[in-house]
Structures are given as C-alpha cells and as structure tokens.
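Derivation of every value follows stated rules applied to the coordinates shown; laboratory data play no part. Keep in mind the model is a prediction, meaning the values are calculated, not measured. As a convention, Cβ positions derive from the backbone with ideal geometry for all residues, glycine included, and neighbour counts pool all protein chains shown.
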Amino acid sequence: MSSYSIEQFIERTERKGRPEEAFGLQSDRILEVELAGDVWAKMGAMISYTGEIKFERERALEHGVERMFKKTFTSEGGELMKATGRGNLFLADQGKRVTVLELGNRQLTVNGNDLLAFEPTVEWDIELMRKVAGMMSGGLFNITLKGEGKVAITTYFEPLTLSVTPDKPVYTDPTATVAWSGGLTPEFHTDINYRTFLGRGSGESIQMKFEGDGFVIVQPGFETE
C-alpha cells in the first residue's frame, strides 16, 4: 500500500510509546533519551525533542587541555553536543540503524562517524591513529569508551560481529569498521603493488589487521567520500 488517508498515516507512523529504558530505541533508526540531566551526542543528531532541553556545542576545554590538543592538531574527534534538561530527546543519523550497548565496565573503541550518543557516566578519550593518517586522507577518528553506562552506535544496515582469536586474526576495510573491543590494537596492513599503482587493484589496498582476543564490528555499507 503506497497511499494512506491522514488518519491511516498517523496510525502507522505515530510514536508507539516509550522504550523500556531511559536510553533506548524508539525504532531501529531512532534513539530516544528520557533526559533528566545531560547526555553527549553527535552534533546534528537531534531530530526532535519535548520538554525543556538546551543544546551546547562541546567547548574547547570541556574535557581538558590534552584532549583539546588531540582534536586540534590531529584532526581527530568529531563535534559533540551536550543536551541538558528534562524531556524526551530523539536522535538519528542519516537513517542508519541504531544499536544500544551497555558497556558493563568494559572498553569499546568506536569509529567517530558511527558514534551517536553516550551517557555522561561513560569515560571517553580520542584514539590517535597516527599510522593510518599518512595512508588515508584525513586519517581515522576513533573514540575509546569505557566504564559504566550506555553507548549508541550506528551502522548502515545490519552489523556483523567477527571474533578475533590469537590463532585467527581479522582483516577489515577501515571505512567499514565500526568498533572493536578493548585489548585489541589494530595494525594497518597494506597491499600496494604494481597493479595497484596502475589503477587495476581491487581497491582494498589498505586494511586494518586485528590480532589477539576480542571482537570487531563491521557494517555492509559505508560513506564513499
């Protein structure tokens, strides 16, 4: 059915009640935060809210001098905003699928493009990817999150989680790599040869190599820019 009466459309698309948790999914592609304080989110991710909520761009010294220098001199760190107040906040990112993860005092490193929001109880820092900066335009922006609290990540379509074991390393395309578990430190593996320079390579000349014990989350689609 491609056409609806106004009443049918409202019934089909209206909000179906609140999520079971204050930081949960309204749908597969929309995060709803029942705000009673503050939350950190990706700049521009707000699509709607109710109540009294104020939005503030992350200030230069919001999280200390060291992190400010990382953002300034490495082009690392996407823009964050802090939402403060009371009400219901709805967040989304270009229709990407949203997954909410409870850290449970574990560590997770997330590609900055795929980080939607996290609770203020979560500790975070910018992960410097110096090696890849010289291989890829602009390098990669990653954030390491740890402690207690919820984190919302986004993926193009259904994510895939791959196990990494000491005897079985995992290789991924950097632009398809969403996140990986604490304890894993990726190395950058290059496959540059004569055919690559002639433009006849597969296009997969740079890969991330994960060794150790943990997991990697990848997505089947990614930005092409």
Would you calculate the separation in nanometres between label points at Glu20 and Tyr171, each defined as 7 Å from the Cα along the Cα-to-beta-carbon direction?
4.1
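Which entries of Lys96/Lys150; Lys96/Lys209; Lys82/Lys168; Lys82/Lys209 show an alpha-carbon separation above 29 angstrom in the structure shown? Working shown, then result.
On the way: Lys96/Lys150 18 Å; Lys96/Lys209 25 Å; Lys82/Lys168 40 Å; Lys82/Lys209 34 Å.
Exceeds cut-off: Lys82/Lys168; Lys82/Lys209.
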What is the extension gain from Ile10 to Leu160, computed as 0.36 nm multiplied by their sequence separation minus the C-alpha to C-alpha distance, in nm to one decimal?
50.6 nm
